[in-house]
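Enquirer: This is the structure I want to talk about, given as structure tokens.
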Amino acid sequence: MKNVYESPLNSRYASKEMKEIFSPDMKFRTWRRLWITLAECEKELGLDITDEQIEELKAHKDDINYDVAAEREKLVRHDVMAHVYAYGTQCPKAKGIIHLGATSCYVGDNTDVIIMVEAMKLIRKKVLSVISKLSDFAMKYKDMPTLGFTHFQAAQTTTVGKRACLWIQDLMMDLDQIDFVLENAKLLGSKGTTGTQASFMELFEGDTDKVKRLDNMIAEKLGYSGVFAVSGQTYTRKLDSMFLNVLSGIAQSCTKFSNDMRLLQHLKEMEEPFEKNQIGSSAMAYKRNPMRSERMASLARYIMVDALNPAITAATQWFERTLDDSANKRIAIPEAFLACDAILNIYINVSGGLVVYPKVIERRLMEELPFMATENIMMDAVKKGGDRQELHERIRELSMEAGAVVKQEGGKNDLIERIAKEPMFGMSLEELQKILEPKNFVGRAPQQTEEYITEQVKPVLDKNKDSLIADAELTV
């Protein structure tokens with residue numbers, strides 16, 4: 001509907017796959033899956049639950065009667081009990097054992113963990129896919145010299161491929177954090193109203209072994225290694241904070257890349273992809289604005305700020321549970337994942353179509369290289385018998401003169417020509433130009449690039465080759 005607000009993350013930016021993970025259907029189908037799992041485990045542990053009841057539950061696990069649930073929630077003002085009621089109308093034989101012994105957080109919290117894990121798995125695939133595309137780019141341009149920058153001022157020479165390794169390394173660190181939270185994600189399990197499992201102790205007539213087994217059986221059936229050993233009514237909200245801190249880290253990496261790309265596009269050394277019919281500006285038809293990189297930075301900023309939400313929630317939970325997490329959680333967590341999904345979609349698209357302009361890169365490098373080559377020139381002149389201190393002072397003077405020509409007159413850097421005219425250096429213009437070969441100034445950048453990609457990145461990509469995504473479609 002055009003007269004109702006809708007999150008732009010849903011309507012413009014996030015992928016279909018991520019939106020499905022956070023959809024109501026995913027949530028409520030997972031609730032029913034949890035109710036079935038609970039009934040199966042309780043039956044296996046000796047409660048009076050029949051196969052017929054469980055089969056009835058399974059028969060209706062996906063055809064959720066949303067209209068009945070919505071009508072019931074208006075009456076009882078409780079979403080979980082409304083869905084218990086709706087499920088029961090479809091399963092008359094099993095309605096008496098649905099949600100047996102459980103509290104609302106059994107379905108609510110376990111579902112939240114399951115959804116976050118599935119969403120993080122999708123994020124993981126997209127991070128790997130960006131790493132893969134940037135690795136191809138880094139290897140292709142590992143030998144191409146380019147001007148390095150510190151403080152956005154001309155610095156020593158690096159290579160285009162080596163610079164890409166800086167972007168990759170940030171993402172590799174993010175990948176480590178993704179794997180850490182996925183490996184350590186646990187379900188709430190079946191803990192009861194304050195985490196003591198008192199209701200299940202009542203159901204199993206004080207059999208503590210069965211109650212403990214129930215907790216772990218639920219996790220095992222759902223494919224998890226375990227449950228939180230202790231909890232209040234909810235799992236610790238630090239888990240939410242941990243997950244969003246990972247997304248914040250990815251957002252930081254994406255912003256670093258997008259800022260570099262925007263600066264490089266300003267310098268006309270590199271550009272993000274630009275389609276044939278794309279319009280860069282409504283007023284200035286010639287413009288090719290870095291709108292994808294800008295959008296990455298914009299959405300990433302939202303994620304970094306949004307990560308404060310679960311941090312504050314975790315810090316302010318009272319005793320076994322307060323409900324001030326609920327409304328915030330419904331917004332903060334899905335939106336963070338949708339935004340992260342969106343920036344990674346852009347990153348996949350941009351990293352797979354980066355445009356490099358070698359002539360511009362070479363021209364800018366050669367404008368600055370004479371200044372950087374002065375140390376080499378001075379050492380060669382010393383070898384020819386020159387006085388190091390006198391040479392240093394004269395190079396300093398000539399550098400100031402050449403710099404003035406560039407900055408004050410807008411002229412060409414003529415430092416090399418000035419040095420060639422100085423007898424104290426004893427070097428011809430031809431000899432000096434040989435010293436200015438750019439590849440002589442990149443240090444180990446090409447080797448660093450090749451070593452990093454082949455030794456550290458490629459093994460990870462090979463191990464996860466089935467997870468790689470070829471491209472990500474952008475809707476705007």
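The values are calculated or read from the model by the stated rules, or taken from the named source; none is laboratory data. Model, not experiment: these values are computed from the prediction. Quick reminder, even Gly has a Cβ in these numbers, built from the backbone with ideal geometry, and neighbours come from all protein chains shown.
Enquirer: Filter region 179-191 down to residues that are assigned to a loop (DSSP other than H, G, I, E, B) and either surrounded by 21 or more Cβ atoms within 10 Å (Cβ to Cβ) or aromatic (Phe, Trp, Tyr) (or both), then give me how many there are. Full working, then the answer.
Expert: From region 179-191, those assigned to a loop (DSSP other than H, G, I, E, B) are 185-186, 188-191; that's our starting set.
Among the residues that remain, those that are also either surrounded by 21 or more Cβ atoms within 10 Å (Cβ to Cβ) or aromatic (Phe, Trp, Tyr) (or both) are: 188-191.
Final tally of qualifying residues: 4.
Enquirer: Sticking with this one: May I ask you to verify whether ARG364 is surrounded by fewer than 19 Cβ atoms within 10 Å (Cβ to Cβ) and touching a residue at least 40 places away in the same chain (Cβ under 8 Å)? Before you say what the answer is, go through the steps one by one.
Expert: Numbers: surrounded by fewer than 19 Cβ atoms within 10 Å (Cβ to Cβ): yes; touching a residue at least 40 places away in the same chain (Cβ under 8 Å): yes.
Judged against the criteria, ARG364 is a match.
Enquirer: Considering (1) under 26 Å from LYS162 (Cβ atoms); (2) touching a residue at least 12 places away in the same chain (Cβ under 8 Å); (3) out of contact with any strand residue (DSSP E or B) (no Cβ under 8 Å at 6 or more places or on another chain), say which one ALA420 fails and leave the rest.
Expert: If we test ALA420 against (1) under 26 Å from LYS162 (Cβ atoms); (2) touching a residue at least 12 places away in the same chain (Cβ under 8 Å); (3) out of contact with any strand residue (DSSP E or B) (no Cβ under 8 Å at 6 or more places or on another chain), just (1) comes out false.
Enquirer: Restricting to region 19-35, name every residue that is among the hydrophobic types (A, V, I, L, M, F, W, C) and either assigned by TED's automatic domain parsing to the domain that holds LEU344 or surrounded by fewer than 20 Cβ atoms within 10 Å (Cβ to Cβ) (or both). Steps first, answer last, please.
Expert: Residues of region 19-35 among the hydrophobic types (A, V, I, L, M, F, W, C): 21-22, 26, 28, 31, 34-35.
Scanning region 19-35 gives a single hit, MET26.
Enquirer: Is region 118-138 home to any residue that is over 23 Å from VAL442 (Cβ atoms), touching a Phe, Trp or Tyr at 6+ places or on another chain (Cβ under 6 Å) and surrounded by 18 or more Cβ atoms within 10 Å (Cβ to Cβ)?
Expert: Yes, region 118-138 has at least one match.
Enquirer: While we're looking at this one, here's another question. Looking only at region 218-245, count every residue that is in a loop (DSSP other than H, G, I, E, B), free of Cβ contacts under 8 Å to residues at least 24 places away in the same chain and on the phi < 0 side of the Ramachandran plot and tell me the total.
Expert: The first filter runs over region 218-245 and keeps only residues in a loop (DSSP other than H, G, I, E, B), leaving 222-226, 228-237.
Checking the rest, the ones that are also free of Cβ contacts under 8 Å to residues at least 24 places away in the same chain come to 223, 229.
Adding the requirement that they be on the phi < 0 side of the Ramachandran plot leaves 229.
So the count comes out to 1.
Enquirer: Scanning for something part of a helix (DSSP H, G or I) and at pLDDT 95 or above, does region 268-287 turn up at least one residue? First the steps, then the outcome.
Expert: Quick first cut of region 268-287, residues part of a helix (DSSP H, G or I) only: none.
Checked against the condition, which is being part of a helix (DSSP H, G or I) and at pLDDT 95 or above, region 268-287 yields no hits at all.
Enquirer: Which number in (1) in contact with a strand residue (DSSP E or B) (Cβ under 7 Å, 6 or more places away or on another chain); (2) more than 30 Å from GLN233 (Cβ to Cβ) marks the one condition that GLY161 misses?
Expert: It is condition (1) that GLY161 fails.
Enquirer: Determine, yes or no, whether GLU393 is part of a helix (DSSP H, G or I), within 50 Å of the chain's Cα centre (by Cα) and at pLDDT 90 or above.
Expert: Working: part of a helix (DSSP H, G or I): yes; within 50 Å of the chain's Cα centre (by Cα): no; at pLDDT 90 or above: yes.
Against the criterion (part of a helix (DSSP H, G or I), within 50 Å of the chain's Cα centre (by Cα) and at pLDDT 90 or above), GLU393 does not qualify.
Enquirer: Scan region 435-454 for residues that are surrounded by fewer than 12 Cβ atoms within 10 Å (Cβ to Cβ) and more than 16 Å from ALA164 (Cβ to Cβ) and jot them down. Steps first, answer last, please.
Expert: Just the residues of region 435-454 that are surrounded by fewer than 12 Cβ atoms within 10 Å (Cβ to Cβ), to begin with: 437, 444.
Within region 435-454, GLU437 is the sole residue that qualifies.
Enquirer: Another question, then. Considering only residues that are within 21 Å of ARG363 (Cβ to Cβ) and surrounded by fewer than 15 Cβ atoms within 10 Å (Cβ to Cβ), which ones fall in region 378-416? Walk me through it before giving the result.
Expert: The first filter runs over region 378-416 and keeps only residues within 21 Å of ARG363 (Cβ to Cβ), leaving 399, 402-416.
Scanning region 378-416 gives GLY403, ALA404, LYS407, GLN408, GLU409, GLY410, GLY411, LYS412.
Enquirer: Which residue, of ALA39, ALA86, ALA14, ALA94, is surrounded by 15 or more Cβ atoms within 10 Å (Cβ to Cβ) and farther than 25 Å from CYS105 by Cβ? Please lay out each step first, then the result.
Expert: Numbers: ALA39 fails: farther than 25 Å from CYS105 by Cβ; ALA86 fails: farther than 25 Å from CYS105 by Cβ; ALA94 fails: farther than 25 Å from CYS105 by Cβ.
Answer to the check: ALA14.
Enquirer: Could you check, for region 1-8, whether at least one of its residues is surrounded by 16 or more Cβ atoms within 10 Å (Cβ to Cβ) and touching a residue at least 12 places away in the same chain (Cβ under 8 Å)? Spell out the reasoning first.
Expert: First, pick out the residues of region 1-8 that are surrounded by 16 or more Cβ atoms within 10 Å (Cβ to Cβ): none.
Within region 1-8, not a single residue is surrounded by 16 or more Cβ atoms within 10 Å (Cβ to Cβ) and touching a residue at least 12 places away in the same chain (Cβ under 8 Å).
One line per residue, one yes/no per condition, for (1) within 19 Å of ALA219 (Cα to Cα); (2) not aromatic (Phe, Trp, Tyr):
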residue: GLY46; (1), (2): yes, yes
residue: ASP79; (1), (2): no, yes
residue: TYR106; (1), (2): yes, no
residue: ASP112; (1), (2): yes, yes
residue: ILE115; (1), (2): yes, yes
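Enquirer: If I filter region 21-49 down to residues being of a type in the set (S, T, N, Q) and touching a residue at least 12 places away in the same chain (Cβ under 8 Å), which single residue comes out as nearest to SER199 (Cα to Cα)?
Expert: Here is the first cut: in region 21-49, the residues of a type in the set (S, T, N, Q) are 23, 30, 37.
Still in the list and also touching a residue at least 12 places away in the same chain (Cβ under 8 Å): 30, 37.
On the way: THR30: 22, THR37: 17 Å.
Filtering first and then ranking leaves THR37.
Enquirer: I need a count of the residues in region 308-354 that are among the hydrophobic types (A, V, I, L, M, F, W, C), at pLDDT below 95 and under 27 Å from the mean Cα position of the chain (by Cα). Let's see the steps before the verdict.
Expert: Going through region 308-354, the residues among the hydrophobic types (A, V, I, L, M, F, W, C) turn out to be 308, 311-312, 314-315, 318-319, 323, 327, 331-333, 336-340, 342-344, 346, 348, 350, 354.
Then keep just the ones that are at pLDDT below 95; that gives 323, 327.
Remaining after also requiring under 27 Å from the mean Cα position of the chain (by Cα): 327.
Looking only at that region, the number is 1.
Enquirer: Can you tell me which residues in region 405-464 are small (Gly, Ala, Ser) and part of a helix (DSSP H, G or I)? Before the answer, list the steps.
Expert: Step one: of region 405-464, the residues small (Gly, Ala, Ser) are 410-411, 420, 426, 428, 443, 445.
Correct list: ALA420, ALA445.
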